1. Before we move on, is E93 out of contact with any helix residue (DSSP H, G or I) (no Cβ under 8 Å at 6 or more places or on another chain) and closer than 19 Å to D182 by Cβ?
2. Filtering the stretch 40-64 down to residues that are part of a loop (DSSP other than H, G, I, E, B), in contact with a helix residue (DSSP H, G or I) (Cβ under 8 Å, 6 or more places away or on another chain) and in contact (Cβ under 8 Å) with a residue 40 or more places away in the chain, which residue is surrounded by the most Cβ atoms within 10 Å (Cβ to Cβ)?
3. Tell me, yes or no, whether the stretch 8-26 has at least one residue that is under 27 Å from V178 (Cβ atoms) and outside any helix (DSSP H, G or I).
4. Just wondering, is there one or more residues in the stretch 49-62 that are more than 14 Å from E93 (Cα to Cα), touching a strand residue (DSSP E or B) at 6+ places or on another chain (Cβ under 6 Å) and among the β-branched types (V, I, T)?
5. Looking at (1) part of a helix (DSSP H, G or I); (2) more than 20 Å from R66 (Cβ to Cβ); (3) under 16 Å from the mean Cα position of the chain (by Cα), which one does G146 not meet, given that it meets all the others?
6. Filter the stretch 65-91 down to residues that are exposed (fewer than 14 other Cβ atoms within 10 Å of the Cβ) and among the aliphatic types (A, V, I, L, M), then give me how many there are.
7. Just one of the numbered conditions (1) outside any helix (DSSP H, G or I); (2) at pLDDT 90 or above is not true of S73; which one?
8. Of all residues being farther than 20 Å from S142 by Cβ and free of Cβ contacts under 8 Å to residues at least 24 places away in the same chain in the stretch 203-214, which is surrounded by the most Cβ atoms within 10 Å (Cβ to Cβ)? Just the residue, please.
Amino acid sequence: MSNHLLIVEDDELVQSLLAAYMQNAGFNVSLAANGKEMLACIDSETIDLVLLDLGLPDEDGLVLARQVRARSSLPIIVVTARKDQKDRLAALEIGADDYLTKPFDPEELVLRVRNILGRAEGGGSDEALREKTEFFQFEGWSLDTGGHNLSGPGDRKIELTRAEFNLLAALVKAPNRVLSRDYLLDAVSQDSDAPTDRLIDVLVSRVRKKIEKNPKKPTIITTVIGCGYKFSAKVT
């Protein structure tokens, strides 16, 4: 089965050229001209990799890349006219897998896409397998991000809201790493939401009440004062 690419580009000519290059290389292609269409496509279709322009009409591509990375490990290649080193570093720091400036050699782009997809699909380590299956265990809890399930000791099912689940999933995927409230907002927010960082504190409190032995003295989701939150439990 051919890999499915999402091309996010507002310039119709560039979009059509990119689509032709990728289709001629054997990929299935979906198109988005702005951030709203991009997120809707990711939510409704099975996408294997995103080719993302930064200069979009409704949202900066760096913000969109951060939102996607907060929710998933979906590969992202930035394809942009921005040549400034600070943009390249910002994209890679957010979690983009590659950065290519326009104009570019289409054969080089195809090779970069294939290399990244090969690494994403061919990982044989325990960490790669865990990312693929999206199944995490910690302190007697089991989190299935693909199936959207959380179960506790004795296979007891725990009900979480969508926002609570997205928050917990973002934390579990980055154990022992301090995540800012802005990062967590990207993980839990939806297109129609206008959340504030106060929402993160409320969600953390609610999740703690469901998974911590003593929510007033948490050991799984810990607070890093002035920075954010950290998932302190060992994840297997």
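1. When the stated conditions are applied, E93 passes them.
2. Ranking the candidates gives D53 first.
3. Checked against the condition, which is being under 27 Å from V178 (Cβ atoms) and outside any helix (DSSP H, G or I), the stretch 8-26 yields no hits at all.
4. Looking through the stretch 49-62, at least one residue is more than 14 Å from E93 (Cα to Cα), touching a strand residue (DSSP E or B) at 6+ places or on another chain (Cβ under 6 Å) and among the β-branched types (V, I, T).
5. Here G146 meets the rest and fails (1).
6. The number of residues fulfilling the criteria is 2.
7. (2)
8. Selected residue: S205.
The values are calculated or read from the model by the stated rules, or taken from the named source; none is laboratory data. Just so it is clear, the model here is predicted, and its values are computed rather than measured. Quick reminder, even Gly has a Cβ in these numbers, built from the backbone with ideal geometry, and neighbours come from all protein chains shown.
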